[in-house]
Structure formats: C-alpha cells, structure tokens
1. Would you please name the residue that is farthest from VAL73 (Cα to Cα), looking only at residues in the range 38-58 that are touching a residue at least 12 places away in the same chain (Cβ under 8 Å), of a type outside the set (Phe, Trp, Tyr) and outside any helix (DSSP H, G or I)?
2. Looking at the range 59-73, which of the residues that are farther than 18 Å from GLY22 by Cα and in contact (Cβ under 8 Å) with a residue 40 or more places away in the chain is surrounded by the fewest Cβ atoms within 10 Å (Cβ to Cβ)?
3. Of all residues in the range 3-32, count the ones that are touching a Gly at 6+ places or on another chain (Cβ under 9 Å), aromatic (Phe, Trp, Tyr) and within 18 Å of GLU71 (Cβ to Cβ).
4. Checking the conditions here, which among GLY104, GLY35 is surrounded by fewer than 11 Cβ atoms within 10 Å (Cβ to Cβ) and at pLDDT 90 or above?
5. Looking at this structure, is ARG48 in contact with a Pro (Cβ under 7 Å, 6 or more places away or on another chain) and charged (D, E, K, R)?
6. Among the listed residues GLY35, GLY22, GLY8, identify the single one that is over 23 Å from the mean Cα position of the chain (by Cα), touching a residue at least 12 places away in the same chain (Cβ under 8 Å) and at positive phi.
Amino acid sequence: MVSNLDYGVTDKDIRELFTEFGGLKKAAVHYDKSGRSQGTADVVFTNRAAALKAISQYNGVPLDGRPMKIELVASPSSPIKNVAQRVGKRNPGGAGAGPAKGRGGKNPRQPKKEVTQEELDADLDAFVSKT
C-alpha cells in the first residue's frame, strides 16, 4: 500500500516506479467516484522479496514533492484469513463467564439495573451541591 501520493500520480507512474524491483501483479492508484485520485495506490508484487526491497528503497522518498508512505499489507506467506478462521474460540464457561478486563470486574452482558426518577433526582441534587 502506497499512500501520501500527489494527486497527479497515475497508474503508469506507479508501474514504472515499482517494476524495477520485480514482476508486478497489480499497480493501481485509487480513485473516487468522480475520478479524482485519493492519493493512495495498491502495488502487488509477484514475490515478497521484491515488495520488501521496494519498501526499503522508496519508503519516505518524495515523489512529485510528497514523501511516499509504503506499507506491507499482506503477502502470500501470510494471507488474509477468511472470517471463519478469524473468529475466536467460544468461552468454555459460556457467554459472559468471568469478569471482563478493564471494566472493574463487571460483566458487560448483564442487564443494567433500572433507575427510578427519585434516584436520578437525588444523584443530580448531590452532584449540584458539590459544584
């Protein structure tokens, strides 16, 4: 993923710039619905080594006055998993078993206690009297 591109950079520019590192499967600037560049592009190499070399050579290097930001998003050796592979294992104690981290030990799935109008009024009066 290449970002911070000048809006005048084209697909041809991206292909020309990155083919020196090896074969490309894809080199495409992202455009919005009206055809304006979004300042980002996808560059997909045929191998990981070429991608890493391109990153080390061009990350931070200005193209048309703007320093390119180049990131490795995914590679054949670490493909993006489908949703079934990304889902975590079910909690053996059932949904909501045990305290939730960072919530003071409260179980976030328990229903909240209904508060009466009198309790709300008392809380508001207590707050106002402190300020």
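The values are calculated or read from the model by the stated rules, or taken from the named source; none is laboratory data. Every value quoted in this text rests on a predicted model; they were computed, and no experiment measured them. Don't worry about glycine lacking a Cβ; one is built from the backbone with ideal geometry, like all the others, and counts go over all protein chains shown.
1. Of the residues in the range 38-58, the ones touching a residue at least 12 places away in the same chain (Cβ under 8 Å) are 39-55, 57-58.
Okay, now just the ones that are also of a type outside the set (Phe, Trp, Tyr), so 39-44, 46-55, 57.
Retained after the next criterion (residues that are outside any helix (DSSP H, G or I)): 39-44, 46-47.
Numbers: GLY39: 17, THR40: 13, ALA41: 12, ASP42: 10, VAL43: 10, VAL44: 10, THR46: 14, ASN47: 13 Å.
Ranking the qualifying residues of the range 38-58, first place goes to GLY39.
2. Selected residue: GLY65.
3. 0
4. Result: GLY35 is the single residue among GLY104, GLY35 that is surrounded by fewer than 11 Cβ atoms within 10 Å (Cβ to Cβ) and at pLDDT 90 or above.
5. Judged against the criteria, ARG48 is a match.
6. None of the others qualify; the one that does is GLY22.
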